[in-house]
1. Just subtract the alpha-carbon distance of residue 491 and residue 539 from 0.36 nm times their residue separation and send over the number in nm, one decimal.
2. Along the range 704-721, what does the Karplus equation 6.51 cos²θ - 1.76 cosθ + 1.60 (θ = phi - 60°) give for ³J(HN,Hα), rounded to whole Hz, x for Gly and Pro?
3. Using the Cα centre of the range 671-749 as the reference point, and only Cβ charges (+1 on K/R, -1 on D/E), how large is the resulting charge dipole? Debye, rounded to the nearest 20.
4. List the lysines whose Cα lies under 27 Å from the Cα of residue 546, skipping any in the same chain that are fewer than 8 positions away.
5. Go through 166, 680, 705 and list them by solvent-accessible area, largest first, probe radius 1.4 Å.
6. Kindly write out, for the range 417-422 in residue order, the coupling ³J(HN,Hα) from the Karplus curve 6.51 cos²θ - 1.76 cosθ + 1.60 (θ = phi - 60°), rounded to whole Hz, with x marking Gly and Pro.
7. So if I take the centroid of the Cα atoms in the range 334-412 and the same for the range 191-233, what is the distance between those two points in Å?
8. Provide 621, 704 ordered by accessible surface of protein heavy atoms (probe 1.4 Å), highest first.
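The values are calculated or read from the model by the stated rules, or taken from the named source; none is laboratory data. This structure is a prediction, so every number in the text was calculated from the model and none was measured. A quick note on method: Cβ atoms are made from the backbone with ideal geometry, for glycine too, and the neighbour counts reach across all protein chains shown. Heads up: the accessible areas ignore ligands, DNA and RNA and are worked out on the full protein's heavy atoms, side chains in. Shrake-Rupley method; radii C 1.70, N 1.55, O 1.52, S 1.80 Å.
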Amino acid sequence: MKRVASACLAGLALSLGLAGTIGFAQRSPATSPAPEQNAVIRRYCVTCHSDARKTGGLSLASFDVARAAEHADVAEKMIRKLQAGLMPPPSSARPDAATHAALVAALETHVDTAAARKPNPGVRAFQRLNRPEYARAIHDLLALDVDAGAWLPLDQKSGNFDNIADAQALSPTLLDAYLNAASAISRMAVGDRDAPTVDHTFTNPGYVSQHPWDHVEGAPYGTRGGIVVDHVFPADAEYVFEVSLVAGANSKFEDVDVSVNGERVALLEYETGPAGGADGRGGRNIRTEPIPVRAGQHRVAAAFVRRIDGPYEDLIRPHDWSFAGGGSGGPGITTLPHVRDFIIKGPYQATGISETPSRQRIFTCRPTVSSEERPCARQILSRVGADAYRRSLTPGEVDRLMPFFEKGAGNGGFDAGIRTALEAMLASPHFIFRLEREPDTARPGAPYRVADVDLASRLSFFLWGTPPDHELLTLASAGKLSGPASQATLEKQARRMLADPRADALGVRFAAQWLRLQDMDKVHPDPNNYPNFDNNLADDMRHETKLFFNSLVRDDRSVLDLYRANYTFVNERLARHYGFPNVSGTQFRRVEYPDDTRQGLLGQGSILVQTSLANRTSPVLRGKWVMEVLMGTPPPPPPPDVPTLDETVEAKNGRMLTTRERMEMHRSNPTCNSCHRFMDPIGLALDNFDVTAKWRERENGMPLDTRGTFYDGTPITTPAELTRALMKRPVPLVRTFTENLLAYALGRRTESFDQPAIRAIARAAEANDYRMSSFILGIIKSDAFQMKQAAPAVTNHP
């Protein structure tokens, strides 16, 4: 009975989503007849998945392999678990390897064959531009770098990504946000000689270090710390720059360099006030005299002139947790001053508007007499509108924009007219939404090929995260993305786009979200134990992972290098943190790992920090992350009545328990053990990395014990052994990567009917050593990417 109970507990975990990495089932021998395979299911699976037990809400008592395609959702759950080797559970009776592989192959064959007969590319609601896509679209359209978060609310995430169509809710508040953004951005682009005098305040987060070695990109060389902002100056005028600083008692004199586009415009002397400022810590504002600046977007910096390289103590920390422990820490408890706020005031005494990159994009003609204004305006609106709407405008659409021009021109002249029409464009559904028109010939419920202009947008937003460029739109307008030669044309365009720097969006957008790099913001290592960790180092770690992923795309490396690569990308500070020798300077460069303690993603700080807690490592979180993010097999949430690991006793024989000791006490509960036996060995193999991803040998004065057994029986103790255990069975890793890349490319969650396409893409990529281009091109050429399911017929009920 104990054996059955143990098997059912494990079966519960499996039915809720656990899976691992066993075998290439698609390369197995010929399958056995369906009756024999059904007998295998009855013998090894129905003990828990019976009509009576329904472990995990699933019964396989009447499941027929020959009819697997009729119950594809159930079959896909079985394939995922069988392919991973987690069903039957390791503690239960299991079929031999050949029988196991034949069952997986039979299930996949039946489902894939049925899918080929009746392909289902899926349905996707229209998408709207989310924050990153909106910012990139504005950059391409108007040569402006904007923070879309200044107007648009946070994007809802679903299935890891922020571009999933059915999660992009619309509301009056959101539409107002797009309208406000259109108004502000159109004024930034055209300029405004009559702009009111306002104060724009930029604030440095308290967790940002301003050490001498922390040179901020965009500030002049020879400076340290400070703040750098991209600011749009509305007119040629005078502006005042004000710097708000905080400093510790030991700080005396500092020089603050204020620069515009790297050129110094002022040098301010700062001396700590004896009585302190409003914050009681020597806070003080210093400002420049009025300084003339030309209109347009400029990079402005306020940074300290570097005088020393240390060593010194810097205790700058954010209020929220410095004060939480009863301490008095906060920004400014430091031997050196820090820039807290940077304020740009103006414009004063405007004299005009210089030619800016944004105006050059817009004003491609200039009327010299009033009779030329309307033809010139139509030319501008037709061209800019085509870029904004991602297709050519019809004469009627230009006609509908002209009243906006006329209204603006009547109030403020030609420039004001163009600005008003531009605002209308940016507020248009044709710009904000990625609308795909269903052809008149589409049959209800049947698949159809999306129009060329829509396919161009799908391709561009996938690879670049931005609207298509002129070359791609020209091909789409000519119908070159459909027809007999379209696949070759699409591949040529995809390879061209992957060679473009804009393809870095795959690392910044796809990889960052799939790997959950944003979760680093949730972890602030305890400054009492990790005083040298700050936001600058966290940003370096995120940048490392993005550069690493983009190098795989750029060099067309194998996707398996995500896990086994013996190199990474670091600058001096990150290399020093990891313990790598001979790396100098702030620039990132590729370096080989000095040994096998680090490999691929599992040696990078962005992964190891986000899966830690503030004051200790968490093998549970690290094991869960590997299973969920890399293997696609998330464990179920813990039962509500089970105590957390932190609630276990903290001391033993007068000393603090190690993480392993707490875990073993926690796992003594059979309910916990059924899942933790899968997660914990994975996380323990990574426990030599501390909270900040530095290598360690001891915890709480005790030698670390990282020994464990991978669920397939492989002993693992080190990160290298964990990587080898994963690499022995790469299929689940590869399919999980494909699944996530497809979801990101389509802007919708993948469903069970997508799994045959995912398997086909992964199998084709295997023949090409799993190179990145194989996955990207496989998705672009898939029916799911090029086609769409028409809406079903509407039935009117009496």
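1. 13.8 nm
2. 6, 10, 9, 5, x, 10, 4, 4, 8, x, 6, x, 9, 10, 10, x, 5, 5
3. Approximately 380 debye in magnitude.
4. 157, 492, 522, 624, 694, 728, 781
5. Heavy-atom accessible area, descending, gives 166, 705, 680.
6. Along the range 417-422, the couplings run x, 5, 4, 5, 5, 5 Hz.
7. 26
8. So the residues, ranked largest to smallest area, are 621, 704.
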